[in-house]
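Participant: Quick one: the structure is below, questions incoming.
The values are calculated or read from the model by the stated rules, or taken from the named source; none is laboratory data. This one's a predicted model, so the numbers in the text were calculated from it and none came from an experiment. Cβ: placed from backbone, ideal geometry, glycine included. Neighbour counts: every protein chain shown. Remember, those area values only see protein heavy atoms, side chains included, never the ligands or the DNA or RNA. Shrake-Rupley method; radii C 1.70, N 1.55, O 1.52, S 1.80 Å.
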Amino acid sequence: MIRNVDIAKEIADHGSCITTVVGYSMMPLLRQRKDIILIEKTNGRLNKYDVPLYRRANGKLVLHRILKVRDNDYIICGDNCYIKEYGITDDMIIGVLTGITRDGKFISVTDKKSILYVHLWCDFFYVRAGILRILSLARRCRKKIS
């Protein structure tokens with residue numbers, strides 16, 4: 001989830017926005033309140049693995065990764081999530097992630113290491129989803145025991 005509610009206006013007015021993120025749904029790619037992200041205005045349809053900023057029906061801004069491009073919408077999921085979101089349309093999308101500044105170093109989403117991360121993390125979605133579900137179950141059990 002993005003924390004600055006003026007981001008949509010900033011992107012509409014200037015074509016881009018630099019901000020930080022709040023939330024853990026894009027871990028390990030994005031660290032909450034630590035990494036600085038660059039969001040730019042979209043130019044046409046997005047592609048598989050792009051990370052759009054979009055507004056949900058409840059008004060919240062969300063930054064998650066495209067897992068599948070369909071004719072009229074996208075299937076999207078956070079890197080630290082296992083539940084896919086369906087029905088995200090182009091009119092909901094405000095911008096797309098183009099780079100991250102981590103520990104003072106800018107990393108483009110087109111960087112070779114970024115592309116390797118995306119393929120390792122997303123191409124094995126069901127393995128990752130299984131691991132995340134097991135970890136979630138373990139955390140819930142630990143809370144009940146405590």
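Participant: Are there any pairs, at least 6 apart or on different chains, whose C-beta atoms fall under 7 Å, with the first in the range 109-136 and free of Cβ contacts under 8 Å to residues at least 24 places away in the same chain and the second open to solvent by less than 80 Å² (accessible area, probe 1.4 Å) and of a type outside the set (Lys, Arg), and if so, which?
Facilitator: Taking only residues 6 or more apart or on different chains, the pairs are Ser114/Ile107; Ser114/Ser108.
Participant: Condition first: among the small types (Gly, Ala, Ser) and free of Cβ contacts under 8 Å to residues at least 60 places away in the same chain. Now tell me which residues in the range 13-34 satisfy that. Step through it out loud before you land on a result.
Facilitator: Initially, the range 13-34 is screened for residues among the small types (Gly, Ala, Ser), giving 15-16, 23, 25.
Answer for the range 13-34, where residues must be among the small types (Gly, Ala, Ser) and free of Cβ contacts under 8 Å to residues at least 60 places away in the same chain: Gly15, Gly23, Ser25.
Participant: Here is a further query. Of (1) surrounded by fewer than 17 Cβ atoms within 10 Å (Cβ to Cβ); (2) outside any strand (DSSP E or B), Ile18 satisfies all except one. Which?
Facilitator: Single failed check for Ile18: (2).
Participant: Say we look at the range 25-45 and pick out the residues that are open to solvent by less than 40 Å² (accessible area, probe 1.4 Å) and touching a helix residue (DSSP H, G or I) at 6+ places or on another chain (Cβ under 8 Å); which of these is modelled with the lowest pLDDT? Working first, answer last.
Facilitator: Taking the range 25-45 and keeping what is open to solvent by less than 40 Å² (accessible area, probe 1.4 Å), we get 25-26, 29-30, 35, 37-39.
If we keep only those that are touching a helix residue (DSSP H, G or I) at 6+ places or on another chain (Cβ under 8 Å) too, we end up with 29, 39.
Values: Leu29: 93, Ile39: 97.
The residue in question is Leu29.
Participant: Within the bounds of the range 54-62, is there any residue that is under 26 Å from Arg133 (Cβ atoms), within 12 Å of the chain's Cα centre (by Cα) and modelled with pLDDT of 95 or more?
Facilitator: Yes: one or more hits.
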